[in-house]
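Take a look at the structure below.
The values are calculated or read from the model by the stated rules, or taken from the named source; none is laboratory data. Bear in mind the structure is a predicted one, so any value in this text is a computation, not a measurement. So basically every Cβ, Gly included, is an ideal-geometry build from the backbone, and we count neighbours across all protein chains shown.
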Amino acid sequence: MNEILQGMARAAWLVVTLDADLVEIALRSLQVTLTAVAIASAIGLPLGALLAVSRFRHRRAAIATLNALMGLPPVVVGLVVYLLLSRSGPFGVFGLLFTPTAMIVAQVMLLTPLIASIAHQAMRDLWADYHDLLISLNASRAQRIRALIWDGRRALLTAALAGFGRGIGEVGAIMIVGGNIDHSTRVLTTAIALETAKGDFALALGLGFVLIALALAVNFAIHGLARTEAGSRW
Amino acid sequence: MVAILPLRLEGAEVCRKGKRLLGPVDLTLSPRGFTAVMGPNGAGKTTLLRLMHGLERPSAGRIAWLVPEQKARAAQAFVFQTPVVLRRSVLDNVAYPLRLHGWARDAARALAADWLARVGLADAADRPATVLSGGERQKLALARALIRAPQILFLDEPCANLDGRSMREIEAILSAAHRDGTRIVMATHDLGQARRLAGEVLFLYRGRIHEAGPAAEFLAAPQTAEARAFIGGEIVE
Amino acid sequence: MRVMRGVLALVMVLLAGTAMAADRMRMAVTTSFENSGLAEVMLPEVLKDLDLEVQLLVVGTGQAIRLGEAGDVDAVLVHSRPAEEAFVANGHARHRTQIMYNDFVLIGPAGDPAGIAGAGSAAAAMSDIAAAGAPFVSRGDESGTHKAELALWQAAGIDAAARNPSWYRAAGAGMGATLNVASGMAAYVLADRASWLNFANKGDLALLFAGDPAMFNQYAYLPVNPALHPHVNAAAAEALEAWLLSDRAQALIDGYRLNGEQLFTYNAGAD
């Protein structure tokens, strides 16, 4: 209990004094995960919508695979990306290992199936609603997908936020491909792992509270924006 | 606009999982008129409407409009028993069919506003369509169906779950559309509604047209035992 | 459409932020070196003297060696002589350069149930622990510290079969995590002195035995062979090596104090 209180005090102190290292790693956490979420959403959201409105031969298998990939173990993804980006791996020439870009690549692989799967589920329900009407109105497939994405944008936002939640708190993959290098690839979660290993639980916990606060702040900010937008439209 | 009617069905059937839901049906829909499709539950009313509109493929037989099907689709509209509302504003719901056909947003909204006024939803234009009551939703669906001035409008029991006032308003809209020349085909359970609106009745029984004729005659003196039982308020299997 | 453009702009900005500074090299080091805090003293000096940013990848010896073999780092600083010699023998580095040593210490519950505090040698202390069946936490991760621990067990004549899981626990974790486990279990553990001094969650643990030369921990520097991995920053690795062999490095290393104690002894070149 005492250590938890110490952790809270430590978090408050770090935030109040705007600790330079903290600001740096917090911004890097945001940079890595927001970029990964943006890329994963750009792939996953249309993919989810397409899976909802299309009928093709192995559709069920594709959806089952996608759902299973939601549970990809970050450590395994990290290891695979590591081996791919390693100097002795197929993409070694780009020299991306142990850079924020490598962390983004790993997180995109982790987040895309999650975002696509949640988007697909939301789009599938919406499509069940809209199916008859859109067919009756003779909407083309592109028009159908557009209507689903636009009218389902709240649910899609939820999918993106779920991706953000998984990404911002993830440590297994980015530790392996980022290497937790100070001033280069250290983010909040890897810093927490490091401080825990050093036995400095108060600092680790303090960073943990900062991480949670950051995740909450991003969620509230995005929900706030979404509601403002909705307000002006409706 | 090119006339798409009459519509002819020849030996049309709909089967699903080896079970025949409808048909064979032979039928001609003339360019004008108001047809009530009646019959007990499960007789195939909904399937017949969906088949004519193109939401169901015929398993056998054929359906022929005066023009190729793709062209005919653009001049039809369908109002479902449970109205489908898009998750956007009431105004944008009604404007949507115009937007699909390439109208500019402002022009589409202007016409949609006009239609909302006609169906008595002008005050609700900027509200999310999902908060409307059942009657309001059905009026929205009607405005959305009529906004492109279809030559034929299908309705599948549009007043099934509505209160009296909503029903009266919707019947007024339908009468007006009929007066303006829209061909109307409506499935209904309600004998009173058929009497008030319909010029002719198709009585479906076990997936086939069991009896057809002018509404007044059918309702007053049905020819078949099943229709007599149906009008008499008995349970018809 | 506006939304899409916004998203695109955001992605561009974020990606641009990942661009990196220029002159730098990567070195894989062991947890024990990082935990000592010496790096925080040395690296700013390296930056000042050589205008070279050294990025540390803090991993176990096993992974550090693998990183060097794959060419993912420019140099390796580890403490496991057999692994280092194999690294050189396989051509991954042209040579191995001794830099300094620190020492391992035996940590245990302050009550010392196995009574190792008065042992005559490290091997005797290990025998005492085994004889008492007192809980012992091993790194169990093939790290330099783990290998040093295994060497001590061997010297004590206690083989793997004799290390019964009822008291011998392999944590499979880094030094800090292993110390956390030992603290939680009131167990004995072998740690490098630096990690121990820096460890914040000591609880009931105390330093019980140290000083046997068998517990000295030699660090060596291995620049990755540019003939095998042409992309490595060989010039920087060479410059860093020269710096490590300088008097300036000696003064920094010998002069480094943690809680008033000297941690490292400089012995570069004295192979």
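Just to check your reading of the model, which residue among C:Gly115, C:Gly108 is part of a strand (DSSP E or B) and either over 23 Å from C:Gln218 (Cβ atoms) or in the same structural domain as C:Ala242 (by TED's automatic domain parsing) (or both)?
C:Gly108
Just wondering, is there one or more residues in the stretch A:51-58 that are more than 14 Å from chain C (Cβ to nearest Cβ), assigned to a helix (DSSP H, G or I), at negative phi and without any contact (Cβ under 8 Å) to a residue 24 or more places away in the chain?
no
Does B:Gly18 satisfy the condition of being surrounded by fewer than 15 Cβ atoms within 10 Å (Cβ to Cβ), modelled with pLDDT under 90 and farther than 17 Å from B:Gln151 by Cα?
Answer is yes for this residue.
Sort out which residues of the stretch C:241-258 are outside any helix (DSSP H, G or I) and closer than 20 Å to C:Asn35 by Cα, and write them in order of number.
Passing the criteria: C:Tyr256, C:Arg257, C:Leu258.
All but one of (1) surrounded by fewer than 20 Cβ atoms within 10 Å (Cβ to Cβ); (2) within 30 Å of C:Glu69 (Cβ to Cβ) hold for C:Ile253, so report the exception by its number.
(1)
Tell me yes or no: at least one residue of the stretch B:45-55 is touching a residue at least 12 places away in the same chain (Cβ under 8 Å), assigned to a loop (DSSP other than H, G, I, E, B) and of a type in the set (A, V, I, L, M, F, W, C).
Checked against the condition, which is being touching a residue at least 12 places away in the same chain (Cβ under 8 Å), assigned to a loop (DSSP other than H, G, I, E, B) and of a type in the set (A, V, I, L, M, F, W, C), the stretch B:45-55 yields at least one hit.
In the set A:Ile149, A:Ile192, A:Ile212, which member is out of contact with any helix residue (DSSP H, G or I) (no Cβ under 8 Å at 6 or more places or on another chain) and farther than 20 Å from A:Met70 by Cα?
A:Ile212
Does the stretch A:17-38 contain any residue that is within 30 Å of A:Asp129 (Cβ to Cβ) and within 14 Å of another protein chain (Cβ to nearest Cβ)?
yes
Could you tell me whether any residue of the stretch C:82-91 is within 30 Å of A:His183 (Cβ to Cβ), within 14 Å of another protein chain (Cβ to nearest Cβ) and under 17 Å from the mean Cα position of the chain (by Cα)?
no
Among the residues of the stretch A:169-211, write down those that are more than 21 Å from A:Ala20 (Cβ to Cβ) and either modelled with pLDDT of 90 or more or not in a loop (DSSP other than H, G, I, E, B) (or both).
Of everything in the stretch A:169-211, those that are more than 21 Å from A:Ala20 (Cβ to Cβ) and either modelled with pLDDT of 90 or more or not in a loop (DSSP other than H, G, I, E, B) (or both) turn out to be A:Gly169, A:Glu170, A:Val171, A:Gly172, A:Ala173, A:Ile174, A:Met175, A:Ile176, A:Val177, A:Thr196, A:Ala197, A:Phe201.
Under the condition of being part of a strand (DSSP E or B) and under 17 Å from A:Thr99 (Cβ atoms), which residue from the stretch C:30-75 is farthest from the other protein chains (Cβ to nearest Cβ)?
C:Val54
Just one of the numbered conditions (1) more than 14 Å from chain C (Cβ to nearest Cβ); (2) over 25 Å from B:Ala74 (Cβ atoms) is not true of A:Ala106; which one?
(1)
Taking the stretch C:155-188 as the search range and keeping residues that are of a type outside the set (A, V, I, L, M, F, W, C) and in contact with a Lys or Arg (Cβ under 9 Å, 6 or more places away or on another chain), which one is farthest from the other protein chains (Cβ to nearest Cβ)?
C:Gly172
Residue check: is B:Ala72 of a type in the set (A, V, I, L, M) and within 14 Å of chain A (Cβ to nearest Cβ)?
So B:Ala72 passes the test.
In the set A:Leu111, A:Leu72, A:Leu84, A:Leu133, which member is part of a loop (DSSP other than H, G, I, E, B) and either of a type in the set (A, V, I, L, M) or without any contact (Cβ under 8 Å) to a residue 40 or more places away in the chain (or both)?
Going through A:Leu111, A:Leu72, A:Leu84, A:Leu133 in turn, just one is part of a loop (DSSP other than H, G, I, E, B) and either of a type in the set (A, V, I, L, M) or without any contact (Cβ under 8 Å) to a residue 40 or more places away in the chain (or both): A:Leu72.
Can we say A:Val171 is more than 12 Å from chain C (Cβ to nearest Cβ), surrounded by fewer than 23 Cβ atoms within 10 Å (Cβ to Cβ) and closer than 23 Å to A:Thr99 by Cα?
Yes.
With a cut-off of at least 3 residues that are assigned by TED's automatic domain parsing to the domain that holds C:Ala93, name the strands (runs of 3 or more DSSP E) lying wholly within the stretch C:157-227.
C:216-223
Hey, could you check the stretch A:136-152 for residues that are more than 8 Å from chain B (Cβ to nearest Cβ) and without any contact (Cβ under 8 Å) to a residue 60 or more places away in the chain and say which is surrounded by the fewest Cβ atoms within 10 Å (Cβ to Cβ)?
My answer is A:Ala142.
Would the stretch A:69-92 turn up any residue that is on the phi > 0 side of the Ramachandran plot, within 14 Å of chain C (Cβ to nearest Cβ) and surrounded by fewer than 24 Cβ atoms within 10 Å (Cβ to Cβ)?
No: zero hits.
So that you can scan it fast, the table gives a plain yes or no per residue for (1) within 30 Å of A:Arg186 (Cβ to Cβ); (2) among the basic types (Lys, Arg):
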site	(1), (2)
A:Val93	yes, no
A:Leu97	yes, no
A:Ala102	yes, no
A:Thr112	yes, no
A:Ala122	no, no
A:Ile135	no, no
A:Gln143	no, no
A:Arg146	no, yes
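Check A:Asp200 against each of (1) surrounded by fewer than 19 Cβ atoms within 10 Å (Cβ to Cβ); (2) free of Cβ contacts under 8 Å to residues at least 24 places away in the same chain; (3) of a type outside the set (Lys, Arg) and name the one condition it does not meet.
Going through (1) surrounded by fewer than 19 Cβ atoms within 10 Å (Cβ to Cβ); (2) free of Cβ contacts under 8 Å to residues at least 24 places away in the same chain; (3) of a type outside the set (Lys, Arg) one by one, A:Asp200 breaks only (1).
Would you pick out the residues in the stretch C:76-128 that are surrounded by fewer than 17 Cβ atoms within 10 Å (Cβ to Cβ) and among the charged types (D, E, K, R)?
C:Arg81, C:Glu85, C:Arg94
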